[in-house]
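Trainee: For reference, the structure I am asking about is given below.
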Amino acid sequence: NNTQEGLFVSGARSRATMQDNDLMSNGTKGVGVQSSANAVLISNRIVKNLEEGVFVSDSGSQATIRDCNVIENGMKGVGVQSSGQADIDGNLIHNNHREGVYVSGEGSR
């Protein structure tokens, strides 16, 4: 129940690993990764955030999302854009308001 992201990772050499946590009902994203940061998310429940469950943007930003439940978020379950990158494996992603997984922009994958 944070007013912004549950986890926000930003800036070159910034890195975060979260395992077996609840990121729920945050005022923006469950997880935001930008500006060449790196996040590893394993076995988390990312649920009912106002915007995306996980959002990765900007060149050099990367997220590994494994065995997570990404459910009932107000926008996309996982959004990747502006050359961000995400490795998405073994997740349950459903009932998000928009796309389950959305990848957009040159260099995004």
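Trainee: GNM on the chain, C-alpha springs below 10 Å: top fluctuator among 49, 91, 26?
Mentor: Top of the fluctuation ranking is 91.
Trainee: Before anything else, pin down the relative contact order of the range 7-95: Cα pairs under 8 Å, at least 6 apart, normalised by residue count, whole percent.
Mentor: Over the range 7-95, the number comes to 26 percent.
Trainee: Can you give the FRET efficiency for residue 92 and residue 1, using 1/(1 + (r/R0)^6), R0 = 22 Å, r = Cβ-Cβ distance, to the nearest 0.05?
Mentor: Computed FRET efficiency for residue 92 and residue 1: 0.50.
Trainee: Okay, next question. Taking the Cα centre of the chain as origin, sum charge times position over the Cβ atoms of Lys and Arg (+1) and Asp and Glu (-1), and report the length of that vector in debye to the nearest 20.
Mentor: The calculated dipole for the chain is roughly 120 debye.
Trainee: Lys and Arg at +1, Asp and Glu at -1: add these up for the other residues within a Cβ distance under 9 Å of residue 37 and post the number.
Mentor: Within the 9 Å Cβ shell, the charges total +1.
Trainee: A further question on this structure: Out of these labelled values of mean projected area of the Cα convex hull in nm², (i) 7.1; (ii) 9.8; (iii) 5.3, which was calculated from the coordinates shown here?
Mentor: Recomputing mean projected area of the Cα convex hull in nm² here picks out (iii).
Trainee: If neighbour count is taken as other Cβ atoms inside 10 Å, put 92, 7 in order from fewest to most.
Mentor: 92, 7
Trainee: Can you tell me which of 45, 66, 13 moves the most in a GNM of the chain? Springs connect C-alpha atoms under 10 Å apart.
Mentor: Taking springs between Cα atoms under 10 Å, the residue moving most is 13.
Trainee: OK, next. Using a Gaussian network model of the chain whose springs link C-alpha atoms within less than 10 Å, name the residue from 12, 37, 63 with the highest mean-square fluctuation.
Mentor: 12
Bear in mind that the values in this text are calculations on the coordinates, not laboratory data. Please read these numbers as outputs of a predicted model, since none were measured by experiment. For neighbour counting, all protein chains shown are included, and Cβ atoms are generated from backbone atoms with ideal geometry for every residue, glycine included.
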